[in-house]
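Take a look at the structure below.
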Amino acid sequence: MATNGAAKLVLFDIDGTLVHAAGVGRAAIEGAMTEVYGTPGPIDDLPFDGMTDPQIVRTLLRAEGLSEPEITPGFDRLWPAYAARLEDAIDERRERMRPTPGVPEILDALEAEGAALGLLTGNIVAGAERKLSAVGLWRRFGFGAFGCDDADRNRLPPIAIERAFRHTRTRYDPGRTWIIGDTPHDIECARGSGLLVLGVATGRFSVEDLRRAGADEALPSLRDTRRVMSALASA
């Protein structure tokens with residue numbers, strides 16, 4: 001085992017941070033919930049930002065009046081239905097899906113620097129793979145933590161860090177481990193594990209919102225590679 005205080009680990013959120021997904025996840029989860037539970041709940045009223053997929057489903061179904069014993073047994077059917085519907089939604093909207101500005105360039109720059117790149121996302125693995133594959137990014141990440149690992153986003157960082165170790169055989173210092181995300185939930189998640197966090201205003205939240213939420217750094221986007229790399233070197 002190596003412990004390298006100079007090594008950097010960077011964990012990326014997906015929706016709104018790496019990818020503008022043209023609403024494919026919402027469309028797929030609405031269809032799958034209707035198929036399995038007979039209702040998607042008040043889906044038009046719920047912002048998904050920063051929530052894990054299981055958390056989204058439970059929140060919607062509880063709002064519809066379903067109890068936990070009515071919800072949990074449906075998950076075995078729900079997630080395959082969701083994955084299938086997601087593929088259909090991606091086929092329909094692929095031309096509207098794209099990486100957020102600057103993403104390929106910042107991944108190249110971090111790799112050139114020797115940083116380890118992973119995912120920390122509320123998506124289940126099947127959703128993460130399909131969305132990122134649609135924009136050519138899935139193979140850029142060798143490991144991650146996902147909504148199917150734990151419905152509570154705040155418990156995902158230790159999972160991602162352990163998988164980073166298995167992948168790289170390096171233990172990463174929390175002071176050199178960054179989460180990059182576009183919501184206050186990403187910031188709360190990083191803070192709960194003592195990690196650094198870069199907020200990017202590529203979703204619904206502004207730079208000011210992300211700074212108020214406690215981001216170590218906050219930028220309008222990942223477009224300016226030099227500025228992003230400078231921010232990630234600031235710890």
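When nucleic acids and ligands are ignored and a 1.4 Å probe is applied, H20 ends up with an accessible area of around 50 Å². Net charge in the neighbourhood of F143 (other residues with Cβ under 11 Å of its Cβ; Lys, Arg +1, Asp, Glu -1) is +1. Beyond 21 Å, the tail of the calculated P(r) for the stretch 145-228 holds 32 percent of the Cα pairs.
Evaluating 6.51 cos²θ - 1.76 cosθ + 1.60 at θ = phi - 60° for every residue in the stretch 104-112, the Karplus couplings come out as x, 5, 6, 5, 4, 5, 5, 4, 5 Hz, glycine and proline recorded as x.
Accessible surface computed residue by residue for the stretch 1-51, with neighbouring protein chains in place and a 1.4 Å probe, gives 36 Å² per residue.
The residue list L132, L156, A89 was ranked by how far each Cα lies along the charge dipole of the stretch 66-190 toward its positive end, using unit charges on Cβ atoms, and L132 comes out on top.
Once R0 is set to 22 Å, what does the formula 1/(1 + (r/R0)^6) return for the Cβ-Cβ distance between D88 and W138, expressed as a FRET efficiency to the nearest 0.05?
Details: r = 18 Å, r/R0 = 0.84.
Step by step, r from the Cβ atoms, then E = 0.75.
If you rank C148, C189 by how much accessible surface each has, with a 1.4 Å probe, what is the order from largest down?
Details: C148 75, C189 0 Å².
If we order C148, C189 from most to least accessible, we get C148, C189.
Of all DSSP bridge pairs formed entirely within the chain, close to 10 percent run antiparallel.
Relative to the longest principal axis of the Cα atoms of the chain, helix 53-63 runs at roughly 40 degrees. Taking label points 7 Å from Cα along the Cα-to-Cβ direction, D108 and D44 give a separation of 4.3 nm.
I43 exposes around 10 Å² of accessible area when a 1.4 Å probe is run over every protein chain in place.
Accessible surface for the stretch 82-235, divided over its residues, is 46 Å² per residue with a 1.4 Å probe. The alpha carbon gyration tensor of the stretch 81-235 gives principal lengths a ≥ b ≥ c with a/c below 1.5, which makes the shape rounded.
Remark on H20: its backbone amide H falls under 5 Å from those of R98, T100, a criterion applied only to residues 5 or more positions apart or on other chains, H modelled at 1.01 Å from N.
Placing +1 on each Lys and Arg Cβ and -1 on each Asp and Glu Cβ, with no other charges, gives the chain a dipole about its Cα centre of roughly 740 debye. Here the simple spin-label model places points 7 Å from the Cα toward Cβ, and for S234 and R166 these points are separated by 3.4 nm.
So, with a 1.4 angstrom probe, what is the percent of accessible area on the chain that is carbon and sulfur? The C+S portion of the solvent-accessible surface of the chain is 46 percent.
Can you give the relative contact order of the chain as a percent, counting alpha carbon pairs under 8 Å and 6+ residues apart?
Taking the mean separation of contacting Cα pairs over the length of the chain, I get 27 percent.
Rounded to 0.05, the FRET efficiency of the R204 and D173 pair, given R0 = 35 Å and the Cβ-Cβ distance, is 0.65. A cut-off of 5 Å between modelled amide H atoms, ignoring neighbours fewer than 5 places along the same chain, links L119 with F12, F143, G144, A145.
The values are calculated or read from the model by the stated rules, or taken from the named source; none is laboratory data. All of these numbers come straight from a predicted model, not from anything done at the bench. Neighbour counts are summed over all protein chains in view; Cβ atoms, including those assigned to glycine, are modelled from backbone coordinates with ideal geometry. Accessible surface is based on the protein model in full, side chains and every heavy atom, while ligands, DNA and RNA are left aside. Shrake-Rupley method; radii C 1.70, N 1.55, O 1.52, S 1.80 Å.
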